[in-house]
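Remarks on the structure that follows.
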Amino acid sequence: MGNLRNNSLQKLPDGFHSDGDNLFLRVKGNSRSWVYRYRLKGKTFELGLGPLRFIDLNTARRKATELSLARMNGALPNELRKITNPTHTLDRVTVADIMDDALAWWATLKGTKASSIRVYRTRLSYPELSSLEFNICSAEDIAKAVLKAKGNSQATILITALRICQKYGIHKGLLANRDILSQAVLEPYMPKDTHKAKHRAYVPWEELPALYAKLSKETSLASKALRFTILQVLRVKETLNLRSEDVDREKLIAVAKDTKVQDRFEFPLTPVSLGLISTRDYPFSITSKPVLAFLRRYAPDATVHGFRSSFSMWCADNRKDPEIREMCLQHVVNNKVASAYQRSDLMEHRRQLLQEWADYVTSASDPQDTRGSAS
């Protein structure tokens, strides 16, 4: 905005534009909002004045002046917040107004994966949800919007995203603290969830060497991707997203990015697995469908994900270390207290276990077939 006066308190965070006198326009994605920012006893405080779509420049400047006068008269931050949030502005705050700031705040606060934040943003952008006005809508309104937007099958993720926005709004003083998103309040308006968790179909570990020998007879990309996934006990998406730059061939280490549970998962490679990785940018440049179709030619009832269960049961039945097993599977094995002390990635222990697994899985295969190809 050309007529903004520059007078920042200190080096500004990205997206903040000073109008002078502690008033800032914060720009983040498609969001534009006014912020009153000041320091007190070495701490920086930010008070939201409202979205640009509702609060024009003159109104924002008037509010900033009122806050500055209140500070001169000794008002504390919690008292200043009351000045920024008269009832008539609170009623007009929608999900769309705060979702970008809310998700950025949540990602910083909780360390949520970037991919999860993208999912939340996509879901909140559905018109039925983005137009919800937090301070005047009811639990029934929210339930209807959730069901209309995506149905009961994804209600949990939609409600989680809405709760993030609500928590941020309350934290910033933009929203009244209303109990409209708790499970107990929403339950009467949501249909009964008939979804039941199902175990993924798997191949018993005793039968896996014979199956792997059959899979190894073919050298197609689907065969190599499936065998790599089995040997490294990965999720198929992690195999297919792997890039050559993520593979250290000398150290026999690879990195899966943006996995289900973390942004970066470093894992040891077995020599036979390395032989399956080509030097192309994306070694396995196919989708999951051909991989599953290839598997079903040899094991019609099995799923690719089920091989993780095969590995887990092989470890249990052969008395392998449970902690090493779970780390190979990217499962959280410790509580928060234990995790504060156990920070090792146990790379070499995982390497040994995965090598034993690879030796077992390939035990019925022709050595010529297990070499793969690095072309």
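The values are calculated or read from the model by the stated rules, or taken from the named source; none is laboratory data. Fair warning: this is a prediction, and the values are worked out from it, not measured in the lab. All Cβ positions, glycine included, derive from the backbone under ideal geometry; neighbour counts span all protein chains shown. Accessible surface is based on the protein model in full, side chains and every heavy atom, while ligands, DNA and RNA are left aside. Shrake-Rupley method; radii C 1.70, N 1.55, O 1.52, S 1.80 Å.
Strictly over 25 Å apart at the Cα level, which of Lys43/Lys167; Lys110/Lys172; Lys172/Lys192 would you flag in this model?
Lys172/Lys192
Could you calculate the contour length gain from Ala114 to Tyr360, that is, 0.36 nm times the residue separation minus the distance between their Cα atoms, to one decimal place in nm?
That pair, Ala114 and Tyr360, stretches by 84.9 nm at full extension.
Of the peptides 245-253, 283-291, how do they stack up when ordered by the mean number of other Cβ atoms within 10 Å, highest first?
Averaged packing, sorted descending, gives the order 283-291, 245-253.
Can you list the residues, at least 5 places off or on another chain, whose amide H is less than 5 Å from the amide H of Ala299, using H built in the peptide plane?
none
Give the accessible area for Tyr202 in Å² (nearest 10); use a 1.4 Å probe, count only protein heavy atoms, and leave out ligands, DNA and RNA.
100 Å²
How large is ³J(HN,Hα), in whole Hz, for each residue of segment 346-357 in order, when computed from phi with the Karplus curve 6.51 cos²θ - 1.76 cosθ + 1.60 and θ = phi - 60°, using x for Gly and Pro?
For segment 346-357, the Karplus curve yields 6, 4, 5, 5, 5, 4, 5, 5, 5, 5, 4, 5 Hz.
Could you calculate the contour length gain from Ser125 to Ile253, that is, 0.36 nm times the residue separation minus the distance between their Cα atoms, to one decimal place in nm?
Contour length minus the Cα-Cα distance gives 42.2 nm.
Could you give each residue of segment 282-293 its phi-based ³J(HN,Hα) in whole Hz, using Karplus coefficients 6.51, -1.76, 1.60 with θ = phi - 60°, and x for Gly or Pro?
Residue by residue, segment 282-293 yields 10, x, 10, 7, 9, 8, 6, 4, x, 5, 5, 4 Hz.
Set the Förster radius R0 to 30 Å, insert the Cβ-Cβ distance between Arg163 and Phe45 as r into 1/(1 + (r/R0)^6), and round the FRET efficiency to 0.05.
Here the calculated transfer efficiency is 0.75.
With charges set only on the Cβ (+1 for Lys and Arg, -1 for Asp and Glu), what does the dipole of segment 148-189 come to about its Cα centre, in debye to the nearest 20?
Dipole about the Cα centre, nearest 20: 180 debye.
Once you have the Cα-Cα distance between Gln352 and Asn73, take 0.36 nm times their residue separation minus that, and quote the gain in nm to one decimal.
Difference between extended and current length: 93.6 nm.
State the Cα centre-to-centre distance between segment 348-363 and segment 246-288 in whole Å.
Comparing the Cα centres of segment 348-363 and segment 246-288, I get a distance of 16 Å.
Counting Lys +1, Arg +1, Asp -1, Glu -1, what net charge surrounds Lys113 among other residues with beta carbon under 12 Å of its beta carbon?
For residues surrounding Lys113, the net value is +3.
Under a crude label model (7 Å from the Cα following the beta-carbon direction), how far is Arg53 from Arg319 in nanometres?
Calculated label separation equals 6.5 nm.
What list of ³J(HN,Hα) values in whole Hz, one per residue of segment 110-126 in order, does the Karplus curve 6.51 cos²θ - 1.76 cosθ + 1.60 (θ = phi - 60°) give from phi, with Gly and Pro shown as x?
Computed from phi, the couplings for segment 110-126 are 10, x, 5, 4, 4, 5, 5, 4, 5, 5, 4, 5, 4, 5, 5, 7, 4 Hz.
First measure r as the distance between the Cβ atoms of Asp246 and Ile136, then evaluate 1/(1 + (r/R0)^6) with R0 = 41 Å and state the FRET efficiency to the nearest 0.05.
0.25
In straight Cα distance, which aspartates and glutamates are under 18 Å from Lys113, not counting same-chain residues fewer than 8 positions off?
Straight-line reach from Lys113, under 18 Å: Asp100, Asp101, Glu238, Asp258, Asp263, Glu266.
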